[in-house]
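Right, one structure below, let's go through it.
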Amino acid sequence: MACNGSGCQSNCYKDEEEAESGAYCAPSTELTKGGTTATDLLANKLCAKCKVKEAISGYGGIDDGRFCADCFRSNLFGKFRFAVSSTAMISPTDKVLVAFSGGPSSRVALQFVHEMQQRSQKNFDASRDRSLPVFGVGVVFIDESAVTPIPSPEMEKTVEDITLIVSSLAPPAKELHVVPLETIYSSDSGDGKDRLAKLVHSVNDPTGREDMVLYLRMLALQKVASEYGYSRLVLGSCISRIACHVISATVKGQGYSLPADIQYVDARWEIPVVLPLRDCLAQEINLLCRLDGLKTLELSEGPRAGINGLVSCFVALLQEENPSRECTIVRTAGKLIPFQFNRIPEISDDNVPLATRRRQKRYNLKSNESVSSELFCSLCNSPLDKSENVDLNNLDSFSAVCCSSCWFQILPKDPSSMERFYSDLPQSIVARGKQDRNGNLNILREQIKDCLLSDTEDET
Amino acid sequence: MQEVGTNPKRSSGRMCCICNQRRAALKRTKTLEQICKECFYDVFEEEIHQAIVSNQLFKPGQRIAICASGGKDSTVLAYVLSTLNKRYNYRLDLFLLSVDEGITGYRDDSLETVKRNEIQYGLPLKILSYKDLYGWTMDEIVKMIGLKNNCTFCGVFGRQALDRGAALLEVDKVVTGHNADDIAETVLLNILRGDIARLSRCTSITTGQFIALFSTIIGFCLLQTLDRLATYAYFKKLDYFSTECIYSPNAYRGFAREFIKDLERLRPRAILDIIKSGENFRISTTMKMPEQGTCERCGYISSQKWCKACVLLEGLNRGLPTLGIGRNRGSVNGRKNSEETKGGKSIESKGCGTLDF
């Protein structure tokens, strides 16, 4: 059967190869997970790329059993490099912050960013005029012990391990920021941890609570990136993760804003967020970690509850049944029109070499194929559809500019708990909401001015 | 959004909060209002009437076929539509249209139900059988190809049988009893298999592209969740048949259906949210969409040289039942397929015919 993955051509002589190389034994028994059977291993054959070494198999995914370890590694890095170079994600002048949770995906993201930095360091050292600087790399770990039941010794151990991982990377040295989630509250108030716990626990819906933590984490990452002068935030979201997000966003009724979250670049934030592992499968990432002995950490958070957990089980089931299912899901969602902010903002700075600017222009998203959105949900910052229930008369209130999904699963229903919820929100969300609303208000006032009776605003 | 029948003994004494005269028999899960049977009927029927009026689904004097499988949804559909037709004087010429796949132990029993409905509602019944249309019953097909992929045949033939039946009987519109769960399931399935063309149209109440042919299929998706239809059928004591197709356990849809059921248990609103997402998807206009043409063999709509039903039928008649299933090279539409292996991902040849709408 021909595969339907991208770059299919080389797959077509699979059958012949299988016939030739029936008797190879797997050298990599320990690499396979418990679920795979012995027959998978026996079907080993020569690497489809170098035709010299034996292919490794049994890890799942579309390319399973096609490449040898070296070709697999370079193939995976190639996907990363393609994502980075095709969207001009990282320029030499950038300072890149890698969000590191300790899990396999972010570990590989860190490793690849590190390798890329090393290469450009080599180029820099070799070049005579030293015109292209080497981009800077930092690492951030968000300590969420305020909202998740993780025992503090475990957290201490995790932080220790992470420090070790980051410091053991070859130079250039990377700065590590270990930041608690409550950093989103201004430091002078001192009761950040309590307010955070109160805020998160006031969300009754388990799915909503998970999503809320996700939004807050992004806030914390943005805060760190902005405070320390980073210009990009790298997340390790892989295909499998994005496929789950596609389905769960659909289930939560976020069909309008969905394309915003799954592109290589998401510049609606102050510091643009980039997803260079968008084309890598979780299985491939896990394999790379095992092959290269990359140390990963799993915090004992327990299974995910609610919709998100259900969706990831569903997607895992489908992936098992058809190894290209996750890719198909992401490709389908990739055909939805992205937003204008899904591109790296143009550099107008003359200090940036012309070549960089030109390349960026060439590869950047074409603006005629994107949607502009003026309104953003005050809570999750997702773009709002015009049909969304935005109360035009009531734009100065926080909850009026929230998406229906946040309304349903996060915001408290009765007014008094809403007030409490609002007072526990970090200043940055409140401020962002206000700023957005003021901007929006003017646009909207312009649109509805004929219907307004008074010209004055009683706002702020 | 949905009502759940409660034990009448427990709610004794409570009066309906709409009419305040009769005893409440139901609790609306959304508002927790307690209402009586009569008011529930009124609310339900009024909602459907509004959907018909606001979407201008019918014109007076039109000939309307109601797809009747004998199941709960289509039984409710037939009952409600004939009731509303009389009450609001739509002046529609209604009749029941059934497709007989030829599945012993399933369809023959459900057709008995439809035949009883014919008498109960006074609507004439037309039955189209796979045997007459294609020369094969599903039982014969399964005997030949086994339990794998049999739903592909049934889906393709069933969809076209409705088209052909509608043409044969000169109807203006065909109404099907698809409910919100079916639509949500279709949205999900289209994402899962990358069918962007269907994803863009599967949530609309009328699938307009069939107007060009002899009839229009209206997905009568009135955004009712299953429970409400079940409640209606239960209280009205409607006569319906409730058994899964005997070949159904092998259907690929099963995965998605199971998932939807789980979702609904967790968050009933998720069904409507999926449909809302489906409506809000903005699909790139530069996307290549399959072009609609006609089948060179039978003349029905097809995006390929031959329509899927003809390809499958050819396979059956030539004793090559896997023809047209999956991505095989030697098919009639092979020209396109070979293009695909060379050129990469072209959406046109994604085997659209295998799927129902």
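The phi torsions of segment B:62-70, fed into the Karplus equation with coefficients 6.51, -1.76 and 1.60 and a -60° offset, translate into couplings of 6, 9, 10, 9, 9, 5, 10, 9, x Hz, rounded to whole numbers, with Gly and Pro shown as x.
Relative to one another, the C-alpha centroids of segment A:135-150 and segment A:240-256 are positioned 24 Å apart. Once A binds B, the 1.4 Å probe can no longer reach about 3400 Å² of accessible area, counting both sides.
If you take all C-alpha pairs in segment A:131-262, what percent of them are over 20 Å apart?
Working: 5045 of 8646 pairs.
Counting every Cα pair in segment A:131-262, those more than 20 Å apart make up 58 percent.
Using θ = phi - 60° in the Karplus curve 6.51 cos²θ - 1.76 cosθ + 1.60, the 3J(HN,Hα) couplings for segment A:421-434 round to 4, 5, 6, 8, 5, x, 4, 5, 5, 4, 5, 4, x, 4 Hz; x is entered for Gly and Pro. Summarising the amide proton neighbourhood of B:I66: residues at separation of 5 or more, or on other chains, whose placed amide H is nearer than 5 Å comprise B:F95, B:L96, B:L97, B:V175.
Computed from backbone phi, the HN-Hα couplings of segment A:312-319 come to 5, 5, 4, 5, 4, 4, 5, 5 Hz, rounded to whole numbers (Karplus: 6.51 cos²θ - 1.76 cosθ + 1.60, θ = phi - 60°; Gly and Pro given as x). For the set B:K126/B:K308; A:K122/A:K157; A:K198/A:K252, the pairs lying more than 32 angstrom apart at their alpha carbons are A:K122/A:K157.
Among the residues of A:240-253, the average count of other protein chain beta-carbon atoms within 10 Å of the residue beta-carbon is 4. Under 5 Å from the amide H of A:L46 lie the amide H atoms of A:A55, each residue being 5 or more positions distant or on a separate chain, with H modelled from the backbone and absent for Pro and chain starts.
For segment B:36-130, the alpha carbon convex hull comes to 102 Å³ per residue, rounded to a whole number.
Under a 5 Å amide H cut-off, with hydrogens placed 1.01 Å from N, A:V139 pairs with A:V98, A:E175, A:L176, A:H177 among residues at least 5 apart or on other chains. Checking every one of the trypsin sites (Lys or Arg not before Pro) in segment A:82-164 against DSSP loop status and a limit of 15 other Cβ atoms within 10 Å picks out A:R128, A:R130. Expressed per residue, the C-alpha convex hull volume of segment A:140-191 stands at 84 Å³. When the listed pairs A:K45/B:K305; B:K86/B:K237; B:K37/B:K261; A:K174/A:K295; B:K131/B:K305 are checked against a 29 Å cut-off, the alpha-carbon distance exceeds it for A:K45/B:K305.
For segment B:46-100, chymotrypsin sites (Phe, Trp or Tyr not before Pro) meeting the loop criterion (DSSP other than H, G, I, E, B) and having at most 15 other Cβ atoms within 10 Å: B:Y88.
The values are calculated or read from the model by the stated rules, or taken from the named source; none is laboratory data. Given the structure is predicted, the values throughout are model-derived calculations rather than measurements. Glycine also receives a Cβ, built like all others from the backbone with ideal geometry; neighbour counts cover every protein chain displayed. Ligands, DNA and RNA are excluded from the accessible area calculation, which covers all protein heavy atoms including side chains. Shrake-Rupley method; radii C 1.70, N 1.55, O 1.52, S 1.80 Å.
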